[in-house]
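The values are calculated or read from the model by the stated rules, or taken from the named source; none is laboratory data. Source: prediction; values computed, not measured. Note that each Cβ is placed from the backbone with ideal geometry, even for glycine, and that neighbours are counted across all protein chains shown.
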Amino acid sequence: MRLLSRFAFSGAVSPNKLQICSAFSRTQSSRRSAGINVLIATGFLIFSLYLVFSRFGKIRLGGPDDRPEFSYFSWFVMLFSAGMGTGLVFWGVAEPITHYIDPPLAGARTPEAAREAMRFTFFHWGLHPWAIYIVIGLGIAYFHFRHKLPLAPRSLLYPLIGERMYGPIGHGVDILCTVGTLLGVATSLGLGAMQINTGIAEYFDVPFTTGVQVMIVATITGVATISVVSGIRAGIRRLSQLNLILAAILFAFVLLAGPTVYLLDTFVGTLGLYLQQLPKTSLWIDFTRESDWQANWTLFYWGWWISWAPFVGVFVARISRGRTVREFIVSVLIMPTCATFLWLSVFGGTGLHREIFGGGGLSSMVQNNVALSLHAMLRDLPLPELTLALATLVIVIFFITSSDSGSLVDDMVTSGGHPDPPRAQRVFWAVSEGMVAATLLIVGGCARCRVLRLPWDCPCLSYWSLPASASGRPCELTNRLRGRSKRKS
């Protein structure tokens, strides 16, 4: 709480100083840990695939007779809303356009640049982020539901340090993950507030300013607080279901009203390029020239997913009781990735089609204000007033589901891993996330939202490598858990 207060106070009193310090930290951490980031993210994907085909895939998260608490549909919509949130809606149009005009390898605004733009966008939002979530979420779910350890990141330390996880080391890990979750969720909330401000400005005489965005954060935080207090079934689950239905309607409209054949070709062609070059791209590091492209995009995303890993991991673990390990991995890895690829193909493909074959102009809007990209693309389609309103509503609900799930996770972790934490603490964490998001906006908007979160990734990287390393010690782990069960009995 003291750390959070100091961060918010620093942002309000000395935003320029906080901005400079965070930018320096981001640059240094990216340059010094590029290889580690790439290896760990790729290692998590390989480890996840290994578990699918191993004998461990039959293990059930819970007792032998436990069955899933939620249906497949409810489970999927909650994990998808928590895992991607407002980020996918924010960058769905903007990222392919940005890579098209500033590609890492090809010439700008060429056919090769268009293919590269979609391939790298798929890469950043594809299998790797969900593999990171899987390793963390699966480990926490396994230890909690099968061995009654806390529903918190500290439980992943048990194979290495045993009961000492309840001491200072475990406290430090939970604090690190809580702060990382807070900054990761606040980053997306800040980006969402900017996009909501853009949508509101289309209908009302409201300026696009930081003050308006802070008011949006405050309003949505109030709604998110009500949702998180209501609990998973009454609040988060219903909002996630509503949001996925609305997002599906918007998706279908853009697919049918836009260049449908081109969009389908974009999906199939980019999927082929993605799968063909996945091994090469997974280990690619741009070490032959002085360029910040990889640090600003690939390494930023790996850091973003890693900072979200405690949040999404704990939340997905909480809603996954009764699933088998194989069912958990296949569902979390494949279903959200396919949905993400379809979304990016339709929205990113529509933007690229306008830029390449239409009147253009979208790239200049993206360069001036990234938050305008989705709304600028929708204006070229039929019924722009209706679709802009629907898109803004989707962003608002994604905003709420990201905030309420993150608040619930922070509350569970700081309550010692209790799956149903006190309501008063839920209110505290919901308000805290809104306060940090507002601070990030005051510090400097979209660019600073991205920069201020990244310095937390390096310590998180070291910790997130523990679940995979611990898996190589199954005999010792089994003996420890058996000994722990005997002591309890």
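Criterion applied to A247, A309, A234 was being part of a helix (DSSP H, G or I), in contact (Cβ under 8 Å) with a residue 12 or more places away in the chain, farther than 17 Å from G349 by Cβ and among the small types (G, A, S), and the one residue passing it is A309.
Screening A295 on (1) assigned to a helix (DSSP H, G or I); (2) within 29 Å of N243 (Cα to Cα) shows it passes everything except condition (2). Restricting attention to the range 235-251 and to residues that are over 19 Å from the mean Cα position of the chain (by Cα) and among the β-branched types (V, I, T), the residue that is surrounded by the fewest Cβ atoms within 10 Å (Cβ to Cβ) turns out to be I245.
Listed by first and then second residue, the pairs with beta-carbon distance under 8 Å, at least 6 apart or on different chains, first residue in the range 51-71 and under 18 Å from G139 (Cα atoms), second surrounded by 11 or more Cβ atoms within 10 Å (Cβ to Cβ) and of a type in the set (S, T, N, Q), are G57/T324; K58/T324; I59/T324; R60/T324; L61/S320; L61/T324; P68/S320. If the condition is being modelled with pLDDT of 85 or more and either aliphatic (A, V, I, L, M) or crowded, with 21+ Cβ neighbours inside 10 Å (or both), then the range 268-298 contributes V268, T270, L271, L273, L275, L278, L283, I285, T298.
Please verify whether R164 is out of contact with any helix residue (DSSP H, G or I) (no Cβ under 8 Å at 6 or more places or on another chain), modelled with pLDDT of 90 or more and not hydrophobic (A, V, I, L, M, F, W, C), treating the condition exactly as stated. Before you say what the answer is, go through the steps one by one.
Numbers: out of contact with any helix residue (DSSP H, G or I) (no Cβ under 8 Å at 6 or more places or on another chain): no; modelled with pLDDT of 90 or more: yes; not hydrophobic (A, V, I, L, M, F, W, C): yes.
Considered against the rule, which asks whether it is out of contact with any helix residue (DSSP H, G or I) (no Cβ under 8 Å at 6 or more places or on another chain), modelled with pLDDT of 90 or more and not hydrophobic (A, V, I, L, M, F, W, C), R164 comes out as no.
Scanning the range 61-120 for residues that are under 17 Å from the mean Cα position of the chain (by Cα) and either on the phi > 0 side of the Ramachandran plot or surrounded by fewer than 18 Cβ atoms within 10 Å (Cβ to Cβ) (or both) gives a single hit, G85.
The set of residues in the range 161-190 that are small (G, A, S) and either surrounded by 15 or more Cβ atoms within 10 Å (Cβ to Cβ) or part of a helix (DSSP H, G or I) (or both) comprises G162, G170, G172, G180, G184, A186, S188, G190.
Within the range 265-291, track down each residue that is in contact with a helix residue (DSSP H, G or I) (Cβ under 9 Å, 6 or more places away or on another chain), in contact (Cβ under 8 Å) with a residue 60 or more places away in the chain and not aromatic (F, W, Y). Within the range 265-291, T266, G269, T270, L271, L273, Q277, L278, T281, S282, L283, I285, D286 meet the criteria.
Filtering the range 340-376 to residues that are modelled with pLDDT under 95 and aliphatic (A, V, I, L, M) leaves I356, L362, M365, V366, V370, A371, L372, L374, A376.
Out of the residues in the range 250-291 that are part of a loop (DSSP other than H, G, I, E, B) and either among the hydrophobic types (A, V, I, L, M, F, W, C) or touching a Lys or Arg at 6+ places or on another chain (Cβ under 8 Å) (or both), state the one that is farthest from A131 (Cα to Cα). Among those residues, the one meeting the criterion is F287. Looking at the structure I just gave you, is V214 in contact with a helix residue (DSSP H, G or I) (Cβ under 9 Å, 6 or more places away or on another chain), part of a helix (DSSP H, G or I), among the hydrophobic types (A, V, I, L, M, F, W, C) and within 28 Å of W75 (Cα to Cα)? Here the answer is no, as V214 does not meet what is asked. Here P384 fulfils each of the conditions (1) within 30 Å of G349 (Cβ to Cβ); (2) touching a Leu at 6+ places or on another chain (Cβ under 7 Å); (3) crowded, with 17+ Cβ neighbours inside 10 Å apart from (3). For I36, indicate whether it is surrounded by fewer than 20 Cβ atoms within 10 Å (Cβ to Cβ), in contact with a helix residue (DSSP H, G or I) (Cβ under 7 Å, 6 or more places away or on another chain) and at pLDDT below 90. It is true that I36 is surrounded by fewer than 20 Cβ atoms within 10 Å (Cβ to Cβ), in contact with a helix residue (DSSP H, G or I) (Cβ under 7 Å, 6 or more places away or on another chain) and at pLDDT below 90. Of all positions in the range 387-409, none carries a residue that is more than 17 Å from the chain's Cα centre (by Cα), surrounded by fewer than 24 Cβ atoms within 10 Å (Cβ to Cβ), in a helix (DSSP H, G or I) and free of Cβ contacts under 8 Å to residues at least 60 places away in the same chain. Output yes when any residue across the range 330-353 is more than 23 Å from the chain's Cα centre (by Cα) and outside any helix (DSSP H, G or I), and no when none is. No, the range 330-353 has no match at all.
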